[in-house]
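Please treat every number below as a calculation from the coordinates, not as lab data. The structure displayed is predicted, hence computed values, not measured ones. Backbone-built Cβ (ideal geometry, glycine too); neighbour counts: all protein chains shown.
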């Protein structure tokens, strides 16, 4: 091995406070290389033989350049990996952990192995230890909380923008002279963008990191919101809404990834539970804002200017307050710094050692999620049920005007306020999950660990869905058959709280179930599910108005209640026969 590849291992000082630690695993592998050399060569270089250790003592390294001169390195650190198994511990309804599992399995494959590094092979850069301050999981507690809240804010921003046009439909019809169905497309096309977006932003975040994807996507859907505000014709506003949805899908897929990056497995479940409120808060706030604008008889354009301002503030926060949290990207930047400082090109990050095969990438992101969806009965059952539930959220934007404006005489602002119980029901659902269901699950995990039984069966995750599913059925009948002028508006409005409670728990239970069942392949399972449910979310608003006009409020809600009743056995059947069905699966974890 040449002198240019050697590291002077003599300590530069004992005080850890003044001598930052350097890349120990790279140093470890160089030890192995040195031990293969003859003792004569070692003496010539003035190096002492030392045993190979996983984490060497803290010291500042001195590199030898190609000219033989010693060049003291800048204080740099390497990173220890988060265990790949932690990636599958929890998920969020809108993407959650789906963009980290495959790369973390790659990290496991490229773990450095003592005694097997040969001269000329790459030195793989990892963390410096479990307490490395640059490891995202070692960020300060308050900064982690900030990142969690900010991730939720980005999701709220996107979902708020998706529902905002619901309160200004009459104003847009008057301006553009199009039909009510075309006006509804301003909501549906944004959600349709959620079908395409996850297939783009998830893989990109695996190669570029979280922050670059957020900067580009938030900037672009800020531009598309401005385009909607300036639109002069039907085609322009519909195109801008669809493009906004494509770029607005990035927070839905990657915000949960930030939470997975910074929290450990035990804390992540609680963080994601509170984070899951955001997808319900956004659609609930949108009609309130647009309803207020309509009541004040302001221009419909103000809605889109408001959306643009909101996303613009989020963009500034992304640029100036958010650090990169995706470990493989941080390691890649670290490896580049080490190569620049040492002049040696054999320092590599695990991500750099993973070849980028476009054909393989297209198969994994565009084809395999759908192949898996149709090959897996469990995944298809989950997909149909969750897609129906997700479609209900956007169906309510067309249903509530019939219930509260036509029956009870509410104006657009008052009708928008009726979405608040839906959001509050979701909050109660989170509290129920965190205070009751999650502690029970954690206790069962600990029990299985003590008894050596392995991991808890994934069907345990679905018990919460068995509680929520009957609530979903009841809420539809409650909403429909109390929607009479002679009955207080409080009754159908409170039905929305039970609906929100049920929807949130169904999301949490099913997503955690998918993660636990498919583990390393959960990313593909969640990707297919995301596209499927977004298609339902885009399609449901298109037939809502005709359904309620034709059937009436009572029988339209009865139809929805009947469909949810038909789906009621799904979680119960999977709890009972899930292990047997999984035994037939090609993709379920053993």
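What to note about this one:
- Each part gets one Cα centre, and for segment 412-462 versus segment 378-395 those centres are 18 Å apart.
- Computed from the C-beta positions of residue 565 and residue 589 and an R0 of 45 Å, the FRET efficiency is 0.90 to the nearest 0.05.
- Computed from label points 7 Å out along Cα-Cβ, the spacing between residue 374 and residue 267 is 4.4 nm.
- Segment 203-277 and segment 567-590: distance between their alpha carbon centers, rounded to Å: 32 Å
- For segment 140-322, averaging the sequence separation of C-alpha pairs within contact (under 8 Å, six or more residues apart) and dividing by the residue count gives a relative contact order of 41 percent.
- Two-site FRET efficiency, residue 333 against residue 542, from Cβ-Cβ distance with R₀ of 56 Å, rounded to 0.05: 0.80
- Inter-centroid distance (Cα atoms) of segment 130-195 relative to segment 472-506, Å: 25 Å
- Packing-based ranking of 369-376, 282-289, 464-471 yields 282-289, 464-471, 369-376, ordered from highest to lowest mean Cβ neighbour count within 10 Å.
- Placing a label point 7 Å from the Cα of residue 317 along the Cα-to-Cβ direction, the residues of segment 267-304 with a backbone N closer than 17 Å are 272, 274-286.
- Ranked by how many other beta carbons lie within 10 Å on average, peptides 250-257, 446-453, 337-344, 397-404 from highest: 250-257, 397-404, 337-344, 446-453
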